[in-house]
Amino acid sequence: MPTMRPLRPLPPRPLPLRPLPVPPVPVESPPSPTFSFYKPCDDEEIIIEDEYTIDIAAERRLLRRMDLRVVPTSILISALGFLARFNIGNARILKDDNDHSLLRIADLTDHQFLILLVVFLVPFTVFETPSNYMLKHFSPPHWFAILLLGWGASTMIMAASRSYGTLIGLRFLLSSFEAGFFPGMIYFLTFWYRLEERGLRLSLIIASAPLGGAFGGSIAYGVEFINGARGLEAWQWLFIIEGAPSCFLAIIVYLFFPSYPERASWLSSRDRDLAIVRLNQETSKSLGHARITWDGAKSTIKDWRLYLHYIVFTATSVAFSSISLFAPTIVDGLGYRGLDAQLFIVPPFAVAFVVTVAMSWAADRYRAWSMCAMVSMILAGITFIIHGSLPRTSFEARYTMLCLGTMFSYAGSPSLLAWLTGNLRDTNATTLAIPMNVAFGASGQMIGIFLYRSNEAPGYLTGHYTNGAALLVGAVGVGILRVIYARRNRELGVGQSPWIV
């Protein structure tokens, strides 16, 4: 029997090795990026804006450069637009006892003159919103230059008018160009200035309207001395002198007016970055290249709180337009005739300019836009009611009330507009709500046209009492909006931007 070798046990099968878990190595997250536009000196103040470090001194230097480039030209454009818009009131009383006056040559009745004023306002309700979209399509300097050239040429051509129909057509054309400037300028400023900076700049632009009224009275006074020169009547010289500067300024605006911060070749790259970043809290979503969507537009149209803003602006526009159009007529009813009537138009508008700028500075300084607007409207409303209750023979007191009413009627408008823009959150709202606000205001101006009737001279009770009531209703609307925004702020979640009360 063969010998059997003992069986050796098989070596154990090795188990598969699993890698031991490696404890995670702590990795330091990189520090939040900061972007310093200028290295501040030891005594310079800096602030942290989200993740950006902004040098206050550099920002102030940038703001001065922006102001020099934007504000003076904007003021001049606005003043020229005001001259073109309301010179029909001065032309009406120029040599009105002469067979060669505008009223006699065009054979205008009082009713036809009112129609001229109404026709002017119709394009404001139609063309303001499309004009803002054209501003987005073109660049601001190109679009503003087109508007300037259009209304300047239309004003000058009015000097050749000899009929009621021609005047209506030219006033409609003039208005079609002017309709785009005011909402476009408000929209344009949101690309360059913070909320607390806009009110003062807006006030300078809006206050140029009463300043233009003061110059308009002075120009009307002067053209009476050249009546008949080169075969032209005083009212013809008025249209030519007040239209030609707009055509000249259109060339300057086309060549030198700024576009958007990111396209500003007159700024260094650092200044361009600073101009954009310092607005990141407010307009980072509404830069010049931001797109406008239909859904966003529908959302803006359905936002009911905006309509309360529109109603308030409509109320103040009633007084704004009626005083602008009929100040020459009201002064004429106070016993000042001819050259004296033109001269006495100047003080109400000159005072309104100073007070409007001062009120807007205070609103920006203390972030009290709604309060300043409400106080102005209350004071203006009370002034108009007092004006209407004065005896017709109290010429000095009534003229004082005219100055005060004009002053307070203008003073609240910049604060109202700054308050509205501060509560708009994106490009769609800003592009659409601003022209809608001004378009609603045009309906208030239409009301103002019919308030000062010639058969109520010299007291004009309907005009004064209606203006007073409209302004007080507008002040109530401001109060309601303040309550709405205060309630919304109490309902905000963490990290949400507060509404401007």
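The values are calculated or read from the model by the stated rules, or taken from the named source; none is laboratory data. What you see is a predicted model, and the numbers here were worked out from it, not measured in a lab. Every residue, glycine among them, receives a Cβ derived from its backbone with ideal geometry; neighbour counts consider all protein chains shown.
Quick notes on this structure:
- Of the residues examined, Phe124 is one that is surrounded by 24 or more Cβ atoms within 10 Å (Cβ to Cβ), within 30 Å of Leu108 (Cβ to Cβ) and out of contact with any Ser or Thr (no Cβ under 6 Å at 6 or more places or on another chain).
- Cβ-Cβ contacts under 7 Å between residues 6 or more apart (or on different chains), taken from a first residue in region 462-479 that is free of Cβ contacts under 8 Å to residues at least 12 places away in the same chain to a second residue that is surrounded by fewer than 22 Cβ atoms within 10 Å (Cβ to Cβ) and assigned to a helix (DSSP H, G or I), are listed as Thr462/Glu456.
- Meets criteria (within 22 Å of Leu204 (Cα to Cα) and over 18 Å from the mean Cα position of the chain (by Cα)) for Gly405: yes
- Test: Asp67 is acidic (Asp, Glu) and either within 30 Å of Glu224 (Cα to Cα) or at pLDDT below 80 (or both): no
- Every residue from region 409-428 that is without any contact (Cβ under 8 Å) to a residue 60 or more places away in the chain and among the aromatic types (Phe, Trp, Tyr): none
- Test for Leu147: is it among the hydrophobic types (A, V, I, L, M, F, W, C), closer than 16 Å to Pro245 by Cβ and within 19 Å of the chain's Cα centre (by Cα): yes
- Exactly one residue out of Ser286, Ser317 is crowded, with 18+ Cβ neighbours inside 10 Å, in a helix (DSSP H, G or I) and either modelled with pLDDT under 90 or not hydrophobic (A, V, I, L, M, F, W, C) (or both): that is Ser317.
- Among the numbered conditions (1) modelled with pLDDT of 90 or more; (2) farther than 29 Å from Phe326 by Cβ; (3) surrounded by 19 or more Cβ atoms within 10 Å (Cβ to Cβ); (4) of a type in the set (A, V, I, L, M), the only one that Leu135 does not meet is (1).
- Selected residue (criterion: modelled with the highest pLDDT) from residues of region 181-238 that are within 19 Å of Thr356 (Cα to Cα) and of a type in the set (Asp, Glu): Glu197
- Within region 220-258, restricting attention to residues that are touching a Phe, Trp or Tyr at 6+ places or on another chain (Cβ under 9 Å) and of a type in the set (S, T, N, Q), the residue that is surrounded by the most Cβ atoms within 10 Å (Cβ to Cβ) is Ser246.
- Residue match in region 349-364 (condition: within 26 Å of Val119 (Cβ to Cβ), assigned to a helix (DSSP H, G or I) and either modelled with pLDDT under 90 or touching a strand residue (DSSP E or B) at 6+ places or on another chain (Cβ under 6 Å) (or both)): yes
- Residue satisfying all of: in region 253-279; assigned to a helix (DSSP H, G or I) and of a type in the set (Ser, Thr, Tyr); nearest to Gly184 (Cα to Cα) among these: Tyr254
- Members of region 132-146 found to be within 22 Å of Leu76 (Cβ to Cβ) and either of a type in the set (Ser, Thr, Tyr) or without any contact (Cβ under 8 Å) to a residue 40 or more places away in the chain (or both), listed by number: Phe138, Ser139
- First in region 118-131 and over 12 Å from Ser443 (Cβ atoms), second anywhere and of a type in the set (S, T, N, Q), Cβ under 7 Å, 6 or more apart: Phe120/Ser175; Pro123/Ser175; Pro123/Ser176; Phe127/Ser176
- Taking residues in region 74-94 that are at pLDDT below 85, and partners anywhere that are among the charged types (D, E, K, R), the pairs with Cβ atoms closer than 7 Å and at least 6 places apart or on different chains are Arg85/Glu178; Asn87/Glu242; Ile93/Asp332; Leu94/Glu224.
- Looking across region 347-396, the residues that are of a type in the set (Phe, Trp, Tyr) and either within 20 Å of the chain's Cα centre (by Cα) or surrounded by fewer than 17 Cβ atoms within 10 Å (Cβ to Cβ) (or both) come down to Phe349, Phe353, Trp361, Tyr366, Trp369, Phe395.
- Among (1) at pLDDT 75 or above; (2) part of a loop (DSSP other than H, G, I, E, B), the one test that Ile323 misses: (2)
- Residue within region 419-429 that is at pLDDT 90 or above and surrounded by 21 or more Cβ atoms within 10 Å (Cβ to Cβ) present: yes
- For region 220-240, the set of residues classified as outside any loop (DSSP other than H, G, I, E, B) and either touching a residue at least 12 places away in the same chain (Cβ under 8 Å) or within 21 Å of Ala327 (Cα to Cα) (or both) consists of Ala220, Tyr221, Gly222, Val223, Glu224, Ala234, Trp235, Gln236, Trp237, Leu238, Phe239, Ile240, listed by residue number.
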